[in-house]
Amino acid sequence: MVETNDTEKDKTFYEFQAEVSRVMDIVINSLYTDREIFVRELISNAADALEKMRHVSLTEHGSAVEDVPLEVRIELNEKDKSFTITDTGIGMIRDELVTDLGRIAFSGSREFLEKMADQLSKDVHLIGQFGVGFYSVFMVARQVTVRTKSYLAMSSGYEWTSSGASGFHIREMEGLPRGTSITLELRDDAAEFAQKNTIQQIIRKYSNFVSFPIRLDGEKVNTIQAIWARTKQEISPEEYTEFYKYIAGAVDGPLDTLHFSTDAPLSLQALLFIPRDNFERFGFGKTEPGVDLHCRKILIEKGAQDLLPPWLRFVKGVVDSEDLPLNISRETMQDTALIRKINRALTSRFLKFLEDKSASDRTGYEAFWKTFGSFIKEGIISDYDHRTKLAGLLRYETSTTESGTLSSLDEYIARMKPDQKEIYFMTGPDRRTLEASPYLEVFKERSIEVLLCFDAADDFVMTHLENFSEKKLVSVESARLDLPKTDGTDRAETDDDALSSKEQKSLTDWIRKVLKDKVAEVRVSHRLVGSPVLLVTPDARMTGSMQRLLEVMNKDVPTLSKLTLEYNPSHHLIRRLEAVRGQDARFAETIVEQLLDQAAFSAGYSVQSRAMIDRMSIIMERALDRSESGPDPV
């Protein structure tokens with residue numbers, strides 16, 4: 001930097017190094033994606049100066065400090081196309097003007113350019129090293145004038161001017177008050193930044209929570225307090241509600257509120273809200289993230305994408321940290337490892353909040369579950385790191401509880417039979433359908449509790465979860481059930497009405513021949529009580545309802561050829577089938593094919609409805625013909 005003295009104007013000129021034109025080109029054309037950011041940068045710098053002044057007044061100088069209100073003032077002049085921002089903060093001395101506002105040149109333009117070139121390949125912390133936040137003003141200004149006076153006793157006032165091209169002038173100026181005033185002579189293509197409505201919107205977008213008053217043409221515009229920076233004891237329920245309405249654009253209060261701060265390992269202040277409604281279930285599309293990221297009460301990113309996992313996107317609120325290392329534009333987080341730490345800290349704290357809620361306020365938690373339970377399930381499917389904790393938040397009706405009564409998995413386990421090794425579940429559209437299912441028969445007979453799942457996603461939830469508290473989650477449709485022991489007897493062998501062992505073997509072999517490769521296996525059932533047949537899957541990860549969902553998604557699904565058909569040797573229809581097949585084999589084959597489709601339909605698998613209807617007509621015609629000649633002997 002070259003320093004020269006202009007005696008006529010009593011100014012000292014500081015000439016930028018040769019590379020500075022390249023630096024300014026980067027700052028003006030590449031550093032920021034939106035020119036309005038300069039307003040946020042200037043207000044942030046002003047707020048920092050005011051905060052320092054407040055600290056000084058309380059510690060170093062006490063009552064000796066000039067009693068001037070700590071505030072930010074912005075004056076606009078549309079006619080002259082000028083923008084002026086003034087703070088009553090700590091101010092600057094001459095050396096600070098040179099080393100701070102001229103920091104790009106002072107620190108070395110070449111070093112700055114080298115780090116900028118390296119930005120694409122790795123993270124570098126440039127904010128605070130080069131002071132480029134201030135230089136964002138040259139995106140909109142042809143000339144910048146800074147007038148400042150330090151709070152220090154006997155200090156002089158100074159004026160700093162620059163067009164951002166070759167360098168800057170500094171001269172001494174008398175009569176300035178404490179603080180800093182920055183005036184921008186706006187370029188013709190930036191005239192909108194001299195309009196009150198434009199600046200007002202920008203302030204409310206980025207700087208509405210600054211602790212100090214911001215007055216725009218004499219009117220205070222930041223009217224909302226950053227209540228997340230206060231303690232919970234200082235905030236009334238009404239204040240939480242009003243703040244939530246403001247940030248969420250809601251007309252009513254939140255369902256619940258989580259307000260906390262941490263010092264280690266991260267310094268965070270967080271105010272999170274659970275809304276009352278889940279708009280995704282109303283068909284409004286996927287909810288966008290609703291937690292805003294702030295640094296010292298200045299908005300960094302609205303609806304920050306990575307602060308919380310996607311399955312917590314319904315949460316609204318604010319997260320603030322004074323320790324965020326930002327990239328040179330403050331527009332994106334630079335330290336992705338830090339963001340991951342923030343994500344983990346927020347997620348863990350929110351899950352702990354839900355766990356405590358479920359234990360202390362059952363009614364309140366169930367209200368949350370009924371509205372946002374789908375997001376918890378999404379987390380189990382997609383987030384391995386939090387799967388175990390999320391599983392404890394699941395709630396389901398069960399086969400032994402009243403309709404509408406919800407149970408956790410822990411509560412289910414507490415009620416399990418002593419020798420029960422598995423958690424059983426079944427999925428379907430509603431309780432009435434599931435209670436009529438043949439898959440539930442053996443569980444009813446043995447008084448074994450089953451989780452009733454009414455959401456299509458529940459199959460995927462159970463598949464991804466697999467185990468809970470060392471108990472395997474098993475679908476009632478599974479071919480491999482490890483049911484608690486009974487008295488050691490077998491229904492198929494002890495039922496007087498059942499086919500004999502010889503008849504069972506003969507019928508099983510015959511049904512295999514009839515169905516050929518339509519199913520993988522045919523066997524006698526030890527689970528059926530009142531139904532003739534059902535299909536079970538050897539793949540514990542696939543159920544009928546899951547197949548329906550995959551079909552809708554056009555995914556490959558297993559065919560009936562991979563399933564096992566079980567029949568009830570005690571059922572009247574099966575006993576009649578054994579009798580009829582020796583008299584009318586073709587008709588008996590029709591009955592078997594119909595039973596297969598009936599089992600498939602009951603389990604939720606796809607069937608050829610036309611063939612099923614045609615066979616039903618044949619069966620009904622035969623039934624009517626037989627009724628005219630009297631009943632057949634059993």
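Simple point charges give the picture: +1 on the Cβ of Lys and Arg, -1 on the Cβ of Asp and Glu, and for segment 227-366 a dipole about the Cα centre of about 260 debye.
Between Lys302 and Gln143, what FRET efficiency follows from the Cβ-Cβ distance if R0 is 30 Å, with the result rounded to 0.05? Walk me through the intermediate numbers first.
Details: r = 32 Å, r/R0 = 1.06.
Rounded to the nearest 0.05, the efficiency is 0.40.
Label-to-label distance, Leu338 versus Ser156, with points set 7 angstrom from Cα along the beta-carbon direction: 3.9 nm.
Put a dot 7 Å past the Cα of Arg230, heading toward its Cβ, do the same for Arg362, and the two dots end up 3.6 nm apart. Here Ile413 and Thr99 are evaluated by their C-beta separation; at R0 = 56 Å the FRET efficiency comes out at 0.25. Counting charges near Asp292 (Lys, Arg +1; Asp, Glu -1) among other residues having Cβ under 10 Å from its Cβ returns a value of 0.
Cross-link pairs exceeding 18 Å between alpha carbons, from the set Lys286/Lys352; Lys52/Lys149; Lys205/Lys302; Lys357/Lys421; Lys220/Lys302; Lys205/Lys232: Lys286/Lys352; Lys357/Lys421; Lys220/Lys302; Lys205/Lys232.
Straight-distance candidates among the lysines for linking to Lys502, with alpha-carbon spacing under 22 Å and chain neighbours fewer than 8 residues away dropped: Lys513, Lys516.
Give the peptides 529-537, 169-177 in descending order of average Cβ contacts within 10 Å, highest first.
On the way: 529-537: 21.4, 169-177: 14.4.
Listed from highest to lowest mean packing, they are 529-537, 169-177.
Listed by chain and number, the lysines whose C-alpha is less than 17 Å from the C-alpha of Lys79, apart from same-chain residues fewer than 8 away, are Lys196.
Each of the peptides 191-203, 40-52 was scored by the mean count of other Cβ atoms within 10 Å over its residues; in descending order, highest first, they stand as 40-52, 191-203. Sketch the reach of a paramagnetic label on Glu75 as a point 7 Å from Cα along Cα-to-Cβ, and name the residues of segment 188-214 whose backbone nitrogen lies under 19 Å away. Residues passing the 19 Å test: 193-197, 199-200, 213-214.
R0 = 60 Å: FRET efficiency of Thr400 with Asp34, Cβ-based, nearest 0.05? In this case the efficiency is close to 0.50. Sorted on the mean count of surrounding Cβ atoms within 10 Å across their residues, most packed first, peptides 79-91, 300-312 read 79-91, 300-312.
If the chain linking Glu445 and Asn467 were pulled fully straight, counting 0.36 nm for each residue of separation and taking away their Cα-Cα distance, it would gain 5.4 nm. Cα gyration tensor of segment 144-237, axes a ≥ b ≥ c as square roots of the eigenvalues: rounded (a/c below 1.5), prolate (a/b > b/c) or oblate? Cα axes put segment 144-237 in the oblate bin. Distance between the 7 Å Cα→Cβ label points at Glu322 and Ser261: 0.9 nm.
Below 14 angstrom from the Cβ of Met416, what's the summed charge of the other residues (Lys, Arg +1; Asp, Glu -1)? If you can, show how the numbers build up before the last one.
On the way: positive: Arg415, Lys417, Lys421, Arg446, Lys471, Lys472, Lys485; negative: Asp410, Glu411, Asp419, Glu422, Glu449, Glu470, Asp482.
So the environment of Met416 carries a net charge of 0.
Read the figures in this text as sums done on the coordinates, not as results from a lab. Model, not experiment: these values are computed from the prediction. Note that each Cβ is placed from the backbone with ideal geometry, even for glycine, and that neighbours are counted across all protein chains shown.
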